[in-house]
Structures are given as C-alpha cells and as structure tokens.
Amino acid sequence: MLELDQIDTGYGRAQVLRGFSLRVEPGEILCLFGRNGAGKTTVMKAIMGLLPLWSGEVTVDGTPTGRLPAHKVPLQGVGYVPQGRRLFSELTVAQNIEIGLRARGSGPEVEEEVLALFPRLRERYRQRAETLSGGEQQMLATARALCLRPKVLLLDEPTEGLQPSMIEAIRQVITAMRDRGVAVLLVEQRVDAVLTVADRVAFIENGRNGEVMSAQALRTDHAIVERYIGV
Amino acid sequence: MSRVLALHLGLVALLLAMHFVLPAYHHGNLARVMVLACYAIGFNILFGYTGLLSLGHALFFAAGMYGMGLAITQLGAAPAPALLAGLIAGLVVAGITGALALRTVGVAFMIVTLMFAQAGYLTILYFGDITHGDEGFVIQPAQRVLWGLDLSDPSWRYLAAWALFSACLIASLALVRHPFGRTLTAIRENEERARLLGYDVALRKWVAVVISGGISALSGAAYGLLFGYAGASFASVQYSIFPLLWVLLGGAGTVLGPFIGTLFMFYLIDLTSGITTAYMLLAGVVLVLLTLFAPQGLVGEVRRRGWGWLP
C-alpha cells in the first residue's frame, strides 16, 4: 500500500504540493487527475525521492520512504514509468530489461513473466530501443519497471501519443498488475482512458487535494470533470 | 566464439604479426600508438561509456608516469613495483579527483577536472628539485629491465606495448559487456532513469572515474618506462585534449574507436608534417571533414552503416 500523508514539497523555494495526502490500496488503480501544472508529476517525483519532502511522509507498506535517497526508493518495491518513457536508447530491448532485472537481483523467471505480458518485446528482443515505435517504447519502459517486481507502480501518462491498439495493450497490463495485487497510481489527462481502468479517481488542484471518488461515480458526474480539468 | 570476440582477438593477432613485418620506423610508431591507445581506452570508459567529459585526464596519465618514474629514480625501485606504484598513484589521484569533481555536473565537471590537471601540472613544476620541472628526467636503459627483458630494446618494447594494449582492449571489452558496464551506458543515456531503477549513480560514476584514471595512469607509467622519459609536458592541457580527439575521431563509446582514433591521428600528423611545415593546418582540415561526415567517429560510422553489433 502507498500512502502520502500531508506532504509539502516544491522546486527550490516555490512550493507546489501543500498538505497533499493520498492512499492507494493493493490491487487498486487510483488515477490522479488535474490540470496541467496542478502538481501531478510533482506527486510522482516526491514519491520517488526526486524532490525533498518539506514536511509530511510517504510510506510503502508502512515503511517510510519519503526521505530515502532516490536510488533506494525502487528497492522498496516502487516502480516508476515517467512521462516520455526515457529509455536507454542505445541499448537493446534485452539490455534495457537486463538493467531492470539486475537492479533488484531479479532472475530470468521475472524476465519471462514480463515478456509474457509484452509479447511484442520478445519479437524486438535484440533491437536497439531507439528503433522501436512509440508504443513499443512505452511497453519497454513499463516492462523495465515491472522487472523490479513492484508492490507499487507509478505511471505518468502512459498512453500519451499512442495509437489505439497500443493503448489497449498498455491498459491490459495495468489491469493485470492490479489483479496481481499491485497498487497502481496512474496520472492521465484523458477522461476516457481513466474511466476504463481506474477504480478510484483523486483530483488535485494547485497542489492540494481535491475530491476523491469512484470511477463509477465519475462516469455520471460530468460537472466535476469540467470543474477540475475544464473539458 | 562470437564475432565480437573474434574481431577483437583478430586485431590483437594482427598487431602481433606486425611485429615481424613492419620496418623499424613504423614498428616504433606502432609501439607508441598502442601505449597511447591505452590512454584513450581509459578516457573512453569515462567519456564514451559513462558520458562524463573530463578535460583533465593528463593528471592521471602524468600521475602514473611520475609515480613510476620517481619510484625508480628516487627510491631505486625495480620496473615491476615501479609500474605498480604508477598505477596506485593514478588510482589514488583519480579517487580523490572523482570524489570532488563529481559534486559538479556538465560544464562545471569539465572545468573542475581541467583545474585539477592544471594544479597537477603546476605541482610538477613546483617540485622541480625532484621532478626536474619542464625538462623532465630520463630513465636509463639499465633501469628499464623488466623480468630480464630489456625494454629499451625496440623488439621487447613493441611486445610489452602489445601486451599492455591487448590487456587493456580485452579488459575494456569485458567491462562494457559486463552488467556494470551496461549500467554505465544506462547512466550516460539517462542518469535519472538509472537512479529510479535503484542504481546508486553517484557511486558508479566514481568507480568509472577510478577505472578510467587507473587505465590512464597505467598507460602513463608504461609510456615512461618503455620510452625512458618522464616530463611535465605529459601533464599539460594538450595531453588532456589528445585523448578526447583520439576518442572522438575513432568513435566514442566503441571499444575499437580509441585505437583507431589514436592510430589515425598519429599518422595524420606524421604524414602531413612530411608534406608541409603547416601540417597542423592540413591535419585540421582533415579533422573538420571527418567531424562533418563521420560525426560518430570512424568506428561509430562503421557501426551506424550496418555493423550495429560492434560494441
């Protein structure tokens, strides 16, 4: 379980998150929703230790991680797929996966599991990451995060700029992770993408908590979407 | 045997064969190129594979050279322990330099390493009583007999240079194919991403500086021992720029690039200086053309044009 308790943080002296709290249960997909600049990516960075916490705490399965150096947070079981994929572009698919596996000492059985989720990557196994399509790159970025066998998975706009077939493939993996008991925190801009996978939706506005509701409730409440993201 | 290993062992075998067929002039040149290529290999590990551009690698080269040379001339050490002293000197200097310089990034890292190298150069001049300052000092042939092999003899010198180069080349190949080497490439490609996968990036970068500095120091120590001289010019800015040029010409982030770049540059200057006194102008034009038409370096260009499997 991932829990953020009243966290304050920002960039330099500019505060972005103000007493922000969040809780994602195992086997749940929670989508963080908000306008550009609302603080969604900052939440991700704060969880990953890329920004210092000014106050508050982040815990993973009850273990405080908010003040760990960034490279120790993944070792607590937190996988992160950032916006824009950020692959090791000159390395092959196999080498990208190998780096993910070695980070936590995972064995070949984990690689098999991951490749079973992304059969397309098996076909591209010896290909350099830079030669993959956008969708395949997203698959590889996600696969690499899954090599950590995460208890918590953070995905920052994983379907951005992808064609529908790729979006569907990514969506299936996200739901498969949920079914395996992983707590998934998803940042998305597209309402339709959220509604098909999320269990709950949390809104963020100017770095503060907005409403939290079930995805089911959101389907019938268009006014709230209008209010928070203006669509 | 994989084609990668076959190619690299093939080069090693070819260079050994050259020992028996090359005329004396080119024989001597190639020995020098092989030792300097080791320096470029060391530089390439930091620049080509880890993505850290040091402008002060002459500090490590000179640390090895003076560590070896002073051990012989001041302490009366035999060549083998003197080589070890040079290596240790380089590792210590690289460890300290790395720990301090890696507190900076990007351009600041370049400037800090340059400043460290300048400090090293000035230190050599300052302690002129021991180092003989600008003039440097000669290591006598009698002091260059390693395990009964007279390294002042061109034949043994070539073979010693070949052995060192072969070891550095294969070690470099092993390193970049080792998981540790892959994480260095990952750091070069995307440092933050490597950190977010759980890698201690700062520690790995420091280890890369130490390995790179150690190989450079070993090259410096071997150069002094094989060619019988240690001088402050090897600690100058020029000797920090040379490995950058060699690696860029040969192909940064390729295992064979440092050797090809060193060989190419050495003979480019050698040949153009035979044509005109303005040889640096000619060499410069060729370098500019190469940079324009093969920006990834000679080996990098070969890799781009179809030999994608080249490490």
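General observations
- Residue selected from region A:59-72 under the condition more than 10 Å from every other protein chain (Cβ to nearest Cβ) and small (G, A, S), by the criterion nearest to the chain's Cα centre (by Cα): A:G66
- Identity of the residue in region A:156-176, surrounded by 15 or more Cβ atoms within 10 Å (Cβ to Cβ) and without any contact (Cβ under 8 Å) to a residue 40 or more places away in the chain, that ends up farthest from A:G27 (Cα to Cα): A:L162
- Total residues in region B:136-165, condition of a type in the set (D, E) and either modelled with pLDDT of 95 or more or in contact with a helix residue (DSSP H, G or I) (Cβ under 8 Å, 6 or more places away or on another chain) (or both): 1
- Pick from region A:97-112, criterion touching a residue at least 12 places away in the same chain (Cβ under 8 Å) and more than 8 Å from chain B (Cβ to nearest Cβ), ranking: surrounded by the most Cβ atoms within 10 Å (Cβ to Cβ): A:I97
- Selected residue (only one of B:A194, B:A174 is buried (at least 24 other Cβ atoms within 10 Å of the Cβ), within 30 Å of A:A143 (Cα to Cα) and either under 20 Å from the mean Cα position of the chain (by Cα) or of a type outside the set (S, T, Y) (or both)): B:A194
- Breaking point among (1) touching a residue at least 60 places away in the same chain (Cβ under 8 Å); (2) part of a loop (DSSP other than H, G, I, E, B); (3) surrounded by fewer than 17 Cβ atoms within 10 Å (Cβ to Cβ), for B:L159: (2)
- Flag for B:V207 being more than 12 Å from chain A (Cβ to nearest Cβ) and touching a Ser or Thr at 6+ places or on another chain (Cβ under 7 Å): no
- Of all residues in region A:73-91, those being surrounded by fewer than 19 Cβ atoms within 10 Å (Cβ to Cβ) and either within 7 Å of chain B (Cβ to nearest Cβ) or of a type in the set (S, T, N, Q) (or both) number 5.
- Residues satisfying the stated conditions in region A:121-143, i.e. assigned to a helix (DSSP H, G or I) and surrounded by fewer than 17 Cβ atoms within 10 Å (Cβ to Cβ): A:R122, A:E123, A:E130, A:T131, A:G134
- Exactly one residue out of B:A202, B:A174, B:A167, B:A194 is in a helix (DSSP H, G or I), within 14 Å of chain A (Cβ to nearest Cβ), of a type in the set (A, V, I, L, M, F, W, C) and free of Cβ contacts under 8 Å to residues at least 24 places away in the same chain, and it is B:A194.
- Any helices (runs of 4 or more DSSP H) falling wholly within region A:144-231 and containing at least 3 residues that are on the phi > 0 side of the Ramachandran plot: none
The values are calculated or read from the model by the stated rules, or taken from the named source; none is laboratory data. On a predicted model such as this, the values are computed, not experimentally measured, just so you know. A quick note on method: Cβ atoms are made from the backbone with ideal geometry, for glycine too, and the neighbour counts reach across all protein chains shown.
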